[in-house]
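Below is one structure, written out as structure tokens, with a few remarks after it.
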Amino acid sequence: MGRSYYVDEAVEKYFTNIIQQSKSYVTGLLIGYSSMQRDYVVLAVQTPQKEDQGDSPTKKACLSKLDEIDEEWVSIHASQVNRMLPGGLLVIGVFLITSPELLKDSQNALRKLIFAVDKSSKKNRLWSLDENDVADRVAVHICSASKKNTCRTFDATDPKSTAKPADWKYQSTPSSWLTIDCNVQVDLTIPLSSCATYQEKQKSTRQGLAQWAEELNNAVIFFNGQVKDSDGDLKEEQKKSRPAAHSSNQIISANILLNSNPFNRSTALVEVCKSSLSIQGVVKCRGYVSSNKPKVKDAEQALKRDLLNSLSDRCEILFEDIILNGSQHESQKALCPLPQRVFIPIPGSSITLCDYVFGDETEEDLHNRFLEMLDQEVDYKTFMFVEEKNSQDTYDQKQTPDHNSYKAEKASNEETNILEKGISSNLQQNVGLLMAAAVVLLAAIISFHYLND
């Protein structure tokens, strides 16, 4: 028996609106949640039109053929959308809406898109799939004339896998979710060995974050102040205290305790480097799990992956911005904070998606990006800036000629009203082995005092 996908009614309405546009075909992504028990689809997003796609009859004729689908463009879109998804949510598949005459080639087109999008999603990812992950990805074809849909799945880990039938079930009531919120203190230094260009520094940063991801695997997570068995029921405590309570948006607070010495080292690790990248501050994490028999391990996985994605995505965005606007950043060496995280509710759903913005970006920029990437009209009044923007005079700007300093900015959590440090990056020029050893020793001393306080 194939998998069953429970689809929010808003997705059905979205497909109806696309069909009314009378296009020969439309490609897009399916965003949702996959577990061993059930799969949910909460959002469908059509592929944005490329700027060079005109409306000339010649181009329209070409674009009516499914073999002209730009798989690379769809994959780039998927990479951008993945940055906007909190923990637990992912791109679980693709859809294709075609006119009846293109029905014959739709299956082959969907197969190509599934594997192209999955390959794009894995790029630069700091975590790996485990035995609890679902490898199947869904491909949905909809005929624009009959509105009939055909749902199949492919094993994304097997390029030779064949299509398997699956059920596509619309539900009038939106899916119910548990929201897990967490603030994580991060103090991470990444050595950048012999880095001559920003591209090389970007690569070294990915490697450093990948090593830190191994440390996070051994972290202990408290849910509502308690350590729970990974295979246990996440809602067990709530069931006992409030058996009749039900909400489509229940919130659980969590805390992540990192192991200061995950590899049980008894000596400092010394590395030769010309500079280092320091990431310091509090990361606002958010994960979602289905409220239908949620397991503790599902919440742990959602939080850890959200933390890794948030750090990795911010660094990627920063380096992309530096590479594109290098001369501008060179003239402002003292200030170059990582972009702040913003959560944005999706109309008709209890789920919030996210984005990352620099200090000079406006709410209109956010609105336009959500409209382009997610085809969603959002109200700027609902934007949740979990890290407050500060003026330049709040930064510590002590500099030396050989230092590129990006100091931490303050952030306020709007839900808890706790004053927090925001995330920023700090590129510091070090001098040989002695300086590298001193940085490692300082980190060790700080960790020691933290454990004994």
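Considering only residues of region 116-148 that are surrounded by fewer than 17 Cβ atoms within 10 Å (Cβ to Cβ) and in contact with a strand residue (DSSP E or B) (Cβ under 8 Å, 6 or more places away or on another chain), which is nearest to A210 (Cα to Cα)?
Filtering first and then ranking leaves D133.
Does at least one position in region 149-163 carry a residue that is under 21 Å from the mean Cα position of the chain (by Cα), open to solvent by 60 Å² or more (accessible area, probe 1.4 Å) and among the charged types (D, E, K, R)?
Looking for residues that are under 21 Å from the mean Cα position of the chain (by Cα), open to solvent by 60 Å² or more (accessible area, probe 1.4 Å) and among the charged types (D, E, K, R), one finds none in region 149-163, hence no.
From the list T162, T197, T173, T150, which one is in contact with a Cys (Cβ under 9 Å, 6 or more places away or on another chain) and polar (S, T, N, Q)? Can you show your working first?
Working: T162 fails: in contact with a Cys (Cβ under 9 Å, 6 or more places away or on another chain); T197 fails: in contact with a Cys (Cβ under 9 Å, 6 or more places away or on another chain); T173 fails: in contact with a Cys (Cβ under 9 Å, 6 or more places away or on another chain).
Only one candidate passes the filter, namely T150.
In the set Y5, Y40, Y14, Y25, which member is open to solvent by 10 Å² or more (accessible area, probe 1.4 Å) and under 30 Å from K297 (Cα atoms)? Reasoning before the result, please.
Details: Y5 fails: open to solvent by 10 Å² or more (accessible area, probe 1.4 Å); Y14 fails: under 30 Å from K297 (Cα atoms); Y25 fails: under 30 Å from K297 (Cα atoms).
Just one listed residue meets the conditions, Y40.
Determine whether region 310-320 contains at least one residue that is modelled with pLDDT under 90 and polar (S, T, N, Q).
Checked against the condition, which is being modelled with pLDDT under 90 and polar (S, T, N, Q), region 310-320 yields no hits at all.
Could you give me the residue pairs with C-beta distances under 8 Å whose first residue belongs to region 374-391 and is more than 22 Å from Y14 (Cα to Cα), whose second residue is at pLDDT 85 or above and of a type in the set (F, W, Y) wherever it lies, and which are 6+ apart or on separate chains?
Partner pairs satisfying both residue conditions: F383/F343; M384/F343; V386/F343.
Look through L178, L89, L113 and report the one residue that is at pLDDT below 95 and buried (at least 22 other Cβ atoms within 10 Å of the Cβ).
Details: L89 fails: at pLDDT below 95; L113 fails: at pLDDT below 95.
One residue alone meets the criteria, L178.
Search region 63-85 for residues being under 14 Å from A116 (Cα atoms) and in a loop (DSSP other than H, G, I, E, B), and hand back the single one that is farthest from the chain's Cα centre (by Cα).
I69
Determine the pairs where a residue that is more than 27 Å from S349 (Cβ to Cβ) and touching a residue at least 60 places away in the same chain (Cβ under 8 Å), located within region 152-173, has a partner that is open to solvent by 30 Å² or more (accessible area, probe 1.4 Å) and charged (D, E, K, R) with Cβ atoms under 7 Å apart, the partner being 6 or more residues away or on another chain.
Final answer for the pair search is K164/R152; P165/R152.
Out of contact with any Leu (no Cβ under 9 Å at 6 or more places or on another chain) and modelled with pLDDT under 85, is that true of Q49?
no
Evaluate the following for Q301: is it within 29 Å of V342 (Cβ to Cβ) and at pLDDT 85 or above?
Taking the combined requirement at face value, the residue satisfies it.
May I ask you to list pairs of residues, at least six apart or on different chains, whose Cβ atoms are under 7 Å apart, with the first in region 107-127 being within 20 Å of I142 (Cβ to Cβ) and the second being among the small types (G, A, S) and surrounded by fewer than 18 Cβ atoms within 10 Å (Cβ to Cβ)?
From residues that are within 20 Å of I142 (Cβ to Cβ), the pairs are Q107/A163.
Kindly indicate the residue of region 194-235 that is open to solvent by 60 Å² or more (accessible area, probe 1.4 Å) and in contact with a Lys or Arg (Cβ under 7 Å, 6 or more places away or on another chain) and also modelled with the highest pLDDT among those meeting that condition.
D231
Got at least one residue in region 153-160 being over 30 Å from A10 (Cβ atoms) and either among the aromatic types (F, W, Y) or modelled with pLDDT under 85 (or both)?
Among the residues of region 153-160, not one is over 30 Å from A10 (Cβ atoms) and either among the aromatic types (F, W, Y) or modelled with pLDDT under 85 (or both), which makes the answer no.
The values are calculated or read from the model by the stated rules, or taken from the named source; none is laboratory data. It should be emphasised that the depicted structure is a prediction, and the values quoted were computed from it without experimental measurement. For neighbour counting, all protein chains shown are included, and Cβ atoms are generated from backbone atoms with ideal geometry for every residue, glycine included. Calculation scope for accessible area: heavy atoms of the full protein, side chains included, ligands and nucleic acids excluded. Shrake-Rupley method; radii C 1.70, N 1.55, O 1.52, S 1.80 Å.
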